[in-house]
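Take a look at the structure set out below.
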C-alpha cells in the first residue's frame, strides 16, 4: 500500500507540471500587451519597454515559463498585475473561505445523498424510489447559479431568513453551500442508488438475510460497505466539480473566496492571479482524487492486498 | 457498457434490426420519450422562431413604454427592462444555446473520437502520449478549463465552442479508447486486417460502429452538461454577449431585477433546467435501451 501511495504521489508531479505548462501557454494566447495594460493608455513606448524588461516579458515564452515554474517551486506565484501584491498571499487570504464553502457543501450533499440513495435502492420501484429519484434528477439538471438566485429570492429576499450575500456570519454560508452542494447531492444519490441496487442482489446479501440478520444490519454492514466504492469515486469527482462550481456560487453570493478572485482577475487581465487560482484548485482536485483512491483500500480489502 | 456481440459481423441488416430493437425499448421508456419530445419541440421552435417572432423587434429594438411587465396573455413570459417580449427572447435564446451545445459536443466528439480510436487501436507509445495528455486536461476541473480558454481567446461564439469542445475532448477520447480496446482483437477485425483493409477503413467501418452505444449515451449527457456550461459562462460575463438572448445571459440580466421582477431570472432558468432534464432523461433511457444485460 505504501508503495502504491508513493507511486500515485509521484505520478501527480508530471501531471501538475503539464497543467502549469498548458495553462501558461493558453494564457499567453490572450491578446493585448501586459505592460500596456498595467501602465494604462497614457504610457509611452519607452515606459512600456522599460516595464517589459523589468518583468522579463521581453524574453521568449519558454524562458518566462521556466522562471514561473522556478518561482512556483519556491511557493512564489508572482505579483498581481492589478494590485502589485504577492499572488500567493492574495490567494491564501481567500483560500480558507473556499475551503469552508466546499467542505460545508460536500458534507451537506453527502449527508443527504447517502440516505436518499440507499432508501431508493432498498425500496426499489416503490413511490419512495420514484420521489427520491425524480428529486435527484431535477437536482442534477438545475444550473448552480440559477438555484443560487432562486434561494436568494425565496430565503433571503422574501422570507428574510438568510443574508443575500457576504460572509460575515454563520448564517451566510447556508445558502451558498446549499446551492453549491445540491447538484452534487443529486448525482451522489443517483450513483448510490444504482450501486446499492446491484449490491443487494448479491448472494452474500441473501446469505446475510437467511442467517437471521435484521434488514438494518444487512444494509448497513453488508450492502453499504460493498456498495460504497462507486459512490466514493463520484464523491471525489463531485468535489472537483464543486471547486469549479464555487466560481459561480462565489460570484452570486459575493463570497470572498478563490473563485471570485479568479473572475475578478480574469476581468482585470491579471494573468498571474488567474494562473495561481487555477493551479491551487487543480492541486486540490488532484489531492481529493488521491484521497479517493486511498479510501478504496480502506473499503475494499481486495485493493489493499493487490498492493501489499 | 458493451452492447454488442463482438463476434457478429456488422452487416447492414443486422444494424438495422439493432436500431429497431433499441428504438422499441426506448419507446417503452416514458420518461425518455418525454425528454425526446420536449427536445424535438425545442428544436422545432428554434428552427421556426423567425416565422413567429421578429428578431429585430424582440431582441434589438427598445420599447421602454412596456418595460418590466409581468407575464400576461399578451406577453407570456413578461417583458424585460427594455420592454422586449421575453417569450420571443427565450425562443431565440434556445437557438443559441442548442446550436452552441450541439456544435461544441460534435466538435469535441470528432477530435476526442479520433484521439481515442488511434490510442486504443495502436496502443504503445501513441496510446501513452494521448492518454497522459488527457490526464493533464482532466486534472483541471472542466468549468475552470473552459473559463481559462475563453478568458484567453476572448469572448465570441466561436471561442465559446472551442473552449467547450476542448473540455469534452478528453472524456470522449477515454470512452472511445476503452470501447475500441474491447473490440480491437475481435475476429472480424482480424479478418478485415487479413484481407488487407486500411487502418482508417477498419477503424471507421468495423470498430467504431460496434462501440457506438456508450458514445451515443455520453454524447447526450455531454450536450446537457455543455448547455449548462454555456449558460454558466454567459452568466459570469464570459459567454454570449448582449444583445444576443442566450439563456444564461438572459438570466444574468434578470438578476438585477430579482426583487420586483423575479420572472426575468426564473423563466430562463426553468428553460435551461427542462432542456438539461430532457437530455438527461433521454441519455438514461438510451443507456438502458442499449444495455444488453437488460434485454
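Miscellaneous remarks
- Over all pairs of different C-alpha atoms, the range B:28-294 has a mean inverse distance whose reciprocal, the Kirkwood radius, equals 20.3 Å.
- When each of A:220, A:150, B:143 is scored by the number of other beta-carbon atoms lying within 10 Å, the sequence from fewest to most is A:220, A:150, B:143.
- Between the range A:50-89 and the range B:237-295, the alpha-carbon center distance in angstrom: 40
- Using the Cβ-Cβ distance between residue A:157 and residue A:82 with R0 set to 45 Å, the FRET efficiency from 1/(1 + (r/R0)^6) comes to roughly 0.90.
- Cα gyration tensor category, rounded, prolate or oblate, for chain A with a/c compared to 1.5: oblate
- Global geometry of the protein assembly as shown, whether rounded, prolate or oblate, following the gyration tensor of its Cα atoms and the 1.5 cut on a/c: rounded
- Chain A - percent relative contact order, Cα under 8 Å, separation 6 or more: 24
- Among the residues of A:284-297, the average count of other protein chain beta-carbon atoms within 10 Å of the residue beta-carbon is 1.
- Mean projected area of the Cα convex hull of the range B:100-157, taken over all directions, amounts to 4.5 nm².
- Cα gyration tensor shape for the range B:169-289, rounded if a/c is under 1.5, else prolate or oblate: prolate
- Gained length - residue B:129 relative to residue B:51, 0.36 nm times residue gap less alpha-carbon distance: 23.0 nm
- Calculated [222 nm] ellipticity per residue, helices only, for chain A: -24500 deg cm²/dmol; basis is -39500 (n - 2.57) per DSSP H run with n ≥ 4, divided by all residues, nearest 500.
- Exposure proxy for B:220, A:98, B:22: other Cβ atoms within 10 Å of each Cβ, ordered fewest to most, give B:22, B:220, A:98.
- Ranked list, fewest to most other Cβ atoms within 10 Å of each Cβ, for A:90, B:246: A:90, B:246
Bear in mind that the values in this text are calculations on the coordinates, not laboratory data. Source: prediction; values computed, not measured. All Cβ positions, glycine included, derive from the backbone under ideal geometry; neighbour counts span all protein chains shown.
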